[in-house]
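The values are calculated or read from the model by the stated rules, or taken from the named source; none is laboratory data. The shown structure was predicted, so the numbers you read here are calculated from the model rather than taken from an experiment. Here the Cβ is made from the backbone with ideal geometry for all residues, glycine too, and neighbour counts use every protein chain on show.
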Amino acid sequence: MTDHTDTPTAPLARDEVTADSPFTLPGFFAALADGDLFAAVCEDCGKRLIPPRPACYACGGRNLHAEPQPNTGTVVSYTEVRTPPSALADRAPYTVAVVELDSGARLTGRVTVPYADAAIDMSVRLVARPPDADEREMALSYEAEWPIHEFEPV
Ligand SMILES: [Zn+2]
(Lines give C-alpha, C1' and ligand atoms only; values in the text may rest on other atoms or scores of the structure.)
Protein backbone atom coordinates (compact mmCIF):
# COMPACT_ATOMS: atom_id res chain seq x y z
CA MET A 1 0.00 0.00 0.00
CA THR A 2 1.25 3.45 -0.92
CA ASP A 3 1.35 6.14 1.75
CA HIS A 4 -0.36 9.15 0.16
CA THR A 5 -0.34 11.36 3.24
CA ASP A 6 2.83 13.26 2.29
CA THR A 7 1.60 14.04 -1.21
CA PRO A 8 3.16 17.23 -2.55
CA THR A 9 1.20 20.44 -2.76
CA ALA A 10 0.29 21.76 -6.20
CA PRO A 11 1.36 23.52 -8.34
CA LEU A 12 3.28 20.46 -9.33
CA ALA A 13 6.35 20.26 -11.47
CA ARG A 14 6.01 17.81 -14.32
CA ASP A 15 8.30 15.26 -12.65
CA GLU A 16 6.26 15.41 -9.43
CA VAL A 17 3.14 14.08 -11.15
CA THR A 18 3.98 10.40 -10.83
CA ALA A 19 1.55 7.55 -11.51
CA ASP A 20 0.95 7.01 -7.79
CA SER A 21 0.13 10.65 -7.03
CA PRO A 22 -3.57 11.18 -6.24
CA PHE A 23 -3.39 14.14 -8.64
CA THR A 24 -3.46 11.55 -11.45
CA LEU A 25 -6.44 9.28 -12.13
CA PRO A 26 -4.35 6.07 -11.79
CA GLY A 27 -3.05 7.32 -8.43
CA PHE A 28 -6.52 8.43 -7.32
CA PHE A 29 -8.03 5.01 -8.12
CA ALA A 30 -5.10 3.12 -6.59
CA ALA A 31 -5.72 5.00 -3.33
CA LEU A 32 -9.46 4.36 -3.62
CA ALA A 33 -8.81 0.64 -4.03
CA ASP A 34 -6.93 0.87 -0.71
CA GLY A 35 -10.01 2.55 0.82
CA ASP A 36 -8.67 6.13 0.68
CA LEU A 37 -10.82 8.70 -1.14
CA PHE A 38 -8.79 11.80 -2.01
CA ALA A 39 -9.84 15.32 -2.88
CA ALA A 40 -7.67 18.23 -3.89
CA VAL A 41 -8.43 21.11 -1.54
CA CYS A 42 -8.01 24.61 -2.98
CA GLU A 43 -6.06 26.87 -0.60
CA ASP A 44 -7.51 29.95 -2.28
CA CYS A 45 -11.28 29.27 -2.21
CA GLY A 46 -11.69 26.07 -0.16
CA LYS A 47 -13.27 24.05 -2.99
CA ARG A 48 -12.73 20.28 -2.75
CA LEU A 49 -12.19 18.58 -6.12
CA ILE A 50 -12.89 14.86 -6.56
CA PRO A 51 -10.96 13.45 -8.28
CA PRO A 52 -8.07 15.81 -7.50
CA ARG A 53 -6.97 18.25 -10.16
CA PRO A 54 -3.77 20.33 -10.14
CA ALA A 55 -5.79 23.50 -10.85
CA CYS A 56 -9.05 24.60 -9.20
CA TYR A 57 -12.05 24.59 -11.51
CA ALA A 58 -13.92 26.98 -9.19
CA CYS A 59 -11.40 29.85 -9.01
CA GLY A 60 -8.52 28.88 -11.28
CA GLY A 61 -6.13 28.70 -8.32
CA ARG A 62 -3.04 26.52 -8.52
CA ASN A 63 -2.44 26.20 -4.79
CA LEU A 64 -3.99 22.85 -3.88
CA HIS A 65 -3.13 19.92 -1.68
CA ALA A 66 -4.40 16.34 -1.64
CA GLU A 67 -6.41 15.42 1.43
CA PRO A 68 -8.12 12.14 2.43
CA GLN A 69 -11.89 12.53 2.63
CA PRO A 70 -14.40 11.01 5.05
CA ASN A 71 -16.40 8.14 3.52
CA THR A 72 -19.67 9.29 5.09
CA GLY A 73 -22.11 11.93 3.94
CA THR A 74 -25.70 12.68 2.99
CA VAL A 75 -27.72 12.52 -0.21
CA VAL A 76 -28.18 15.97 -1.78
CA SER A 77 -30.03 14.84 -4.91
CA TYR A 78 -30.89 11.51 -6.52
CA THR A 79 -32.56 10.00 -9.53
CA GLU A 80 -33.37 6.66 -11.08
CA VAL A 81 -31.56 5.40 -14.18
CA ARG A 82 -33.92 3.34 -16.32
CA THR A 83 -31.92 3.43 -19.55
CA PRO A 84 -28.28 2.78 -18.61
CA PRO A 85 -25.31 2.20 -20.88
CA SER A 86 -26.00 -1.09 -22.68
CA ALA A 87 -23.34 -2.99 -20.70
CA LEU A 88 -25.25 -2.19 -17.48
CA ALA A 89 -28.72 -3.05 -18.86
CA ASP A 90 -29.18 -5.92 -16.39
CA ARG A 91 -28.73 -3.50 -13.46
CA ALA A 92 -31.56 -1.14 -14.44
CA PRO A 93 -33.33 0.48 -12.85
CA TYR A 94 -30.75 1.74 -10.39
CA THR A 95 -30.32 4.82 -8.25
CA VAL A 96 -27.68 7.52 -8.72
CA ALA A 97 -27.12 10.29 -6.18
CA VAL A 98 -25.10 13.41 -5.60
CA VAL A 99 -23.65 13.00 -2.11
CA GLU A 100 -22.12 15.68 0.08
CA LEU A 101 -19.43 14.11 2.22
CA ASP A 102 -19.00 15.26 5.82
CA SER A 103 -16.05 17.39 4.58
CA GLY A 104 -18.33 19.30 2.18
CA ALA A 105 -16.93 17.63 -0.96
CA ARG A 106 -19.55 16.41 -3.39
CA LEU A 107 -19.48 13.50 -5.78
CA THR A 108 -21.88 11.37 -7.78
CA GLY A 109 -22.30 7.63 -7.61
CA ARG A 110 -24.72 4.74 -7.66
CA VAL A 111 -26.68 3.98 -4.50
CA THR A 112 -27.20 0.38 -3.39
CA VAL A 113 -30.93 0.81 -2.70
CA PRO A 114 -33.90 1.20 -5.07
CA TYR A 115 -35.10 4.71 -5.88
CA ALA A 116 -38.17 4.30 -3.63
CA ASP A 117 -35.89 3.64 -0.64
CA ALA A 118 -33.61 6.65 -1.23
CA ALA A 119 -34.25 10.10 0.22
CA ILE A 120 -32.78 13.58 0.43
CA ASP A 121 -30.58 13.87 3.57
CA MET A 122 -30.26 10.06 3.80
CA SER A 123 -26.99 9.14 5.54
CA VAL A 124 -24.72 7.06 3.33
CA ARG A 125 -21.24 5.56 3.34
CA LEU A 126 -18.98 5.32 0.29
CA VAL A 127 -17.66 1.84 -0.41
CA ALA A 128 -15.21 0.81 -3.13
CA ARG A 129 -15.10 -2.63 -4.71
CA PRO A 130 -13.49 -4.30 -7.71
CA PRO A 131 -15.48 -3.90 -10.94
CA ASP A 132 -17.81 -6.69 -12.07
CA ALA A 133 -17.63 -8.17 -15.58
CA ASP A 134 -20.29 -5.82 -17.02
CA GLU A 135 -18.52 -2.77 -15.58
CA ARG A 136 -15.21 -3.94 -17.04
CA GLU A 137 -16.94 -4.33 -20.39
CA MET A 138 -17.83 -0.64 -20.58
CA ALA A 139 -14.49 0.60 -19.25
CA LEU A 140 -11.61 1.72 -21.42
CA SER A 141 -8.76 -0.80 -21.32
CA TYR A 142 -6.67 1.22 -18.86
CA GLU A 143 -9.72 1.72 -16.60
CA ALA A 144 -10.77 -1.94 -16.45
CA GLU A 145 -9.32 -2.63 -12.98
CA TRP A 146 -10.19 0.73 -11.42
CA PRO A 147 -12.45 0.26 -8.40
CA ILE A 148 -16.17 1.03 -8.51
CA HIS A 149 -17.52 3.29 -5.77
CA GLU A 150 -21.08 3.10 -4.49
CA PHE A 151 -23.06 4.60 -1.64
CA GLU A 152 -24.84 2.39 0.84
CA PRO A 153 -27.23 3.55 3.58
CA VAL A 154 -25.63 3.85 7.01
ZN1 LIG B 1 -10.28 27.53 -5.81
* Quick one: what pairs do we get from region 33-49, first residue within 29 Å of residue 145 (Cα to Cα) and within 16 Å of the ligand (Cβ to nearest atom), second outside any loop (DSSP other than H, G, I, E, B) and among the β-branched types (Val, Ile, Thr), C-beta under 6 Å, 6+ apart or different chains? -> 48/41
* Could you run through region 33-53 and say how many residues are more than 16 Å from the chain's Cα centre (by Cα) and on the phi < 0 side of the Ramachandran plot? => 4
* Test result for residue 5, at pLDDT 95 or above, more than 12 Å from the ligand (Cβ to nearest atom), surrounded by fewer than 14 Cβ atoms within 10 Å (Cβ to Cβ) and not aromatic (Phe, Trp, Tyr) -> no
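The rows are residues; the columns are (1) touching a Leu at 6+ places or on another chain (Cβ under 9 Å); (2) polar (S, T, N, Q).
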{"position": "24", "(1), (2)": "no, yes"}
{"position": "37", "(1), (2)": "yes, no"}
{"position": "53", "(1), (2)": "yes, no"}
{"position": "87", "(1), (2)": "no, no"}
{"position": "92", "(1), (2)": "no, no"}
{"position": "121", "(1), (2)": "no, no"}
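Could you grab me the full set of residues in region 107-154 that are among the aromatic types (Phe, Trp, Tyr) and either under 23 Å from residue 69 (Cα atoms) or modelled with pLDDT under 95 (or both)?
Selection gives 142, 146, 151.
Would you check if there is a residue in region 53-65 being more than 16 Å from the ligand (Cβ to nearest atom), among the hydrophobic types (A, V, I, L, M, F, W, C) and touching a residue at least 24 places away in the same chain (Cβ under 8 Å)?
No, region 53-65 contains no residue that is more than 16 Å from the ligand (Cβ to nearest atom), among the hydrophobic types (A, V, I, L, M, F, W, C) and touching a residue at least 24 places away in the same chain (Cβ under 8 Å).
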* Restricting region 8-60 to residues that are at pLDDT below 90 and of a type in the set (Val, Ile, Thr), which is surrounded by the fewest Cβ atoms within 10 Å (Cβ to Cβ)? -> 18
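Can you pull out the residues in region 111-147 that are closer than 14 Å to residue 88 by Cβ and surrounded by fewer than 18 Cβ atoms within 10 Å (Cβ to Cβ)?
Passing the criteria: 131, 132, 133, 134, 136, 137, 138, 139.
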